[in-house]
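As structure tokens, the structure follows; a few thoughts come after it.
The values are calculated or read from the model by the stated rules, or taken from the named source; none is laboratory data. Since we're looking at a predicted model, the values are computed, not measured. Here the Cβ positions follow ideal geometry from the backbone for every residue, glycine too, while neighbour counts run over all protein chains shown. These area figures cover heavy atoms from the full protein model, side chains too; ligands, DNA and RNA do not enter into them. Shrake-Rupley method; radii C 1.70, N 1.55, O 1.52, S 1.80 Å.
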Amino acid sequence: MKNKLEAKNVSVFYDDFQALNNINMSFEENAVTALIGPSGCGKSTYLRLFNRMNDYIESFRLEGEILIDKKNIYNKNIIVEDLRKNIGMVFQKPNPFPKSIFENVAYGLRIQGIKNKAILRIKVRKALQQAALWDEVKNDLDKSALTLSGGQQQRLCIARTLAVEPSIVLMDEPTSALDPIATAKVEKLIYELKKEYTIIIVTHNMQQAKRISDYTAFFYMGDLIEYNKTEHIFTNPTHDRTQNYITGRFG
Amino acid sequence: MNKEKIIEGLLKLSASITILTTIGILYVLLSESISFFKEVSILEFLTDKEWTPLFVNKHFGILPLVMGTLLTTFIAVSVAIPIGITIAIYLSEYAPNKFRKIVKPLLEILAAVPTIVYGFFALVVVTPFLQSFIPGMSGFNSLSAGIVMGIMIIPYVSSLSEDALRAVPKALRNASFGMGATRLQTAFKVMVPAASSGIIVSIILAFSRAIGETMIVAIAAGQQPRLTLNPLVPIETITAYIVQVSLGDVAHGSLEYKTIFAAGITLFLFTFILNNISYYIRKKFKEQYE
Ligand SMILES: Nc1ncnc2c1ncn2[C@@H]1O[C@H](COP(=O)(O)OP(=O)(O)O)[C@@H](O)[C@H]1O
Ligand SMILES: [Mg+2]
């Protein structure tokens, strides 16, 4: 067991409002960790810390450290763009670029300066296969990504993320905009991906957390209430709040 | 009659006034032009290389005026488009919110300055300044007029392009940043392509505005129709010619007088075509996002 990421004494503020209170938590490599908790408890804020997407929010301020492979990613000498090449992010709503399917997946590779057509083709194909989308789109690679269904678009976004071979994938409610069938496909995919990736997923869906995650962290109003193996959280939670939340008594 | 009906009636009335005015303008333009072309052949109008309707030796070739218009327009858009788009990208992709909120209205003031002020600015400031290191530049020339016109047009381009960039869903910008793209890469590989139709519309507007601009060129570019690409010598644009004749003592109904309608309809054709292109692009753009 290896710790891939770690949050040390992490507090986050938006101006005077404190969104996260002194979080300490480490994430196991090649495992799926689910972040659950009621709306507004700070899950997205927390997730965005790991690829520094909060940096664009003018009122954002961080205390504490976020370590990836033991290195603080908020150190002055860290180049954010390089960091993000190792940490992919899949967003709540599918957000493909208004470009072709191929160019969407090739985007990150092109950003990294890869121009060789053959290499691009191989990597795009591999990513689409990993995202379980290849068979559906292999004859339409030049079509606009906007012609795909919502579920396909989300798998395309996953493929786009995987194409650059990150070691960590962050997902913020990746199935909340999808129908049950598309959701099932994405869930299966996430389950497959953990062999190669460390995955952190925010989800509103208790069943989903139960089905796909190895660990679950329950947040409430900026506090980390409980963090443990998923089966433990769902069968024998230590805190009443957790118990109430997972049984749907509030949230 | 109730209020609703009165208001509806007023709206209909103003809509029909607009349409009637347009029809009226078109009617006058067309009928006067037709009577012009009874005396001057379209072939001469389109091919003669001189435009001297006010001289004894009359020539009616529109080309020098068209060339003057295109020359000043080209200079103006060469200034307005790169600067305008750069400003738009800076404001939407780089500038902090507070800065944008201050700068945008300031820029729009540029478009609100009366054009006659720009005209004199070109004539008494820009031209002497340029003359200090371009020897042989005439007092009237298309370069100063074009540059100053370009400055005037900057806010049209920057404002519309910035609106187009801001209309691109934020999620696309986040996706790009999330992939490790820099701001510059995100701007040029994602945002600008996604906003391209809006940006193109702003460019077309810049062209129309430059083609139709009158006061600056009338004051600073000269009144000498000349088939030339030299930006340092006096020329005349279609609009400046129309002003010159309208203000002069040419007898109404004379052939000289009718030339302004022939010139006017040429101008109208240019802007009409540009308007249609921009309408077409906007329509296509709408479909794309529906
Ligand atoms: N950009 C922001 N500026 C100010 N407050 C924010 C911002 N983003 C989130 N918040 C606040 O921080 C808290 C946590 O939000 P978020 O991380 O989005 O929660 P969750 O993802 O669990 O729903 C909420 O109270 C929210 O209003
Ligand atoms: Mg959220």
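Check each of the trypsin sites (Lys or Arg not before Pro) in the range A:72-142 and keep only those in coil by DSSP with at most 15 other C-beta atoms within 10 angstrom; list them in order. Working shown, then result.
Numbers: sites: A:Lys76, A:Arg84, A:Lys85, A:Lys99, A:Arg110, A:Lys115, A:Lys117, A:Arg121, A:Lys123, A:Arg125, A:Lys126, A:Lys138; in loops: A:Lys76, A:Lys99, A:Lys115, A:Lys138.
Counting only loop positions with at most 15 other Cβ atoms within 10 Å, the trypsin sites (Lys or Arg not before Pro) in the range A:72-142 are A:Lys76, A:Lys115, A:Lys138.
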Aspartates and glutamates near B:Lys284 by alpha-carbon distance under 20 Å, same-chain residues fewer than 8 away left out - which ones?
A:Asp142, B:Glu162, B:Asp163
So, with points 7 Å from each Cα along the Cβ direction, the B:Thr21-A:Thr235 label distance in nm works out to 8.0
Taking 10 Å² as the minimum loss, tell me which residues in the range B:135-180 lose that much accessible area going from the chain by itself to the full protein complex (1.4 Å probe).
B:Ala171, B:Leu172, B:Asn174, B:Ala175, B:Ser176, B:Phe177, B:Gly178, B:Met179, B:Gly180
Please sort by residue number the trypsin sites (Lys or Arg not before Pro) in the range A:1-63 whose DSSP state is loop and whose Cβ has at most 16 other Cβ atoms within 10 Å.
A:Lys2
Across chain A, where is the longest run that never hits GluC sites (Glu not before Pro) in a DSSP loop with at most 15 other C-beta atoms within 10 Å?
A:59-195
What residues of the range B:187-225 lose no less than 20 Å² of accessible area with every protein chain in place versus their chain by itself (probe 1.4 Å, heavy atoms only)?
B:Lys189, B:Val190
Could you give me the radius of gyration and the Dmax of the range B:42-285, taking only the C-alpha atoms into account and expressing both in angstrom?
20.7, 72
Among the listed pairs A:Lys8/A:Lys99; B:Lys3/B:Lys101; A:Lys43/A:Lys185, which have their C-alpha atoms separated by more than 30 angstrom in this model?
A:Lys8/A:Lys99; B:Lys3/B:Lys101
Per residue, what accessible area does the range A:3-246 have, given a 1.4 Å probe and all protein chains present, in Å²?
44
Under a 5 Å amide H to amide H cut-off, with H placed in plane at 1.01 Å, what residues pair with A:Val202 once short-range neighbours are removed?
A:Leu35, A:Met171, A:Asp172, A:Glu173
Tabulate in residue order the Karplus-calculated ³J(HN,Hα) for the range B:42-53, using 6.51 cos²θ - 1.76 cosθ + 1.60 with θ = phi - 60°, rounded to whole Hz; enter x for Gly and Pro.
4, 4, 4, 4, 8, 10, 4, 8, 10, 10, 9, x
Carbon plus sulfur fraction of accessible area for the range A:3-246, probe 1.4 Å, in percent
46
How about the range A:41-55: which of its residues lose at least 20 Å² of accessible area in the presence of all protein chains relative to their chain isolated, using a 1.4 Å probe?
A:Met53
What's the carbon and sulfur percent of the range B:178-224's accessible surface, probe 1.4 angstrom, rounded to a whole number?
68
Starting from the range B:22-64, pick out the GluC sites (Glu not before Pro) whose DSSP state is loop and whose Cβ has at most 16 other Cβ atoms within 10 Å.
B:Glu50
Under the rule of at least 5 residues apart or a separate chain, name every residue whose amide H is placed under 5 Å from the amide H of A:Asp223.
A:Asn21
Using amide H atoms built in the peptide plane, which far-off residues or other-chain residues are under 5 Å from B:Phe60 H to H?
B:Thr52
For the range A:189-195, 3J(HN,Hα) per residue [Karplus equation, 6.51 cos²θ - 1.76 cosθ + 1.60, θ = phi - 60°, Hz, x = Gly/Pro]
4, 4, 4, 5, 5, 5, 4
Report the B-A buried area as the accessible area lost on both sides summed, probe 1.4 Å, in Å² to the nearest 100.
1700
Send over a whole-number figure in Å² for the accessible area per residue of the range B:44-158, probe 1.4 Å.
47
Most fluctuating residue given options A:Val137, A:Val105, A:Val169, as computed from a GNM of chain A linking Cα atoms under 10 Å
A:Val137
Equivalent-ellipsoid semi-axes (√(5λ), Cα gyration tensor) for the range A:3-246, whole Å, largest first?
30, 21, 15
Phi to ³J(HN,Hα) by Karplus 6.51 cos²θ - 1.76 cosθ + 1.60 over the range B:56-65, Hz, x for Gly, Pro:
5, 8, 7, 10, 10, x, 6, 3, x, 5
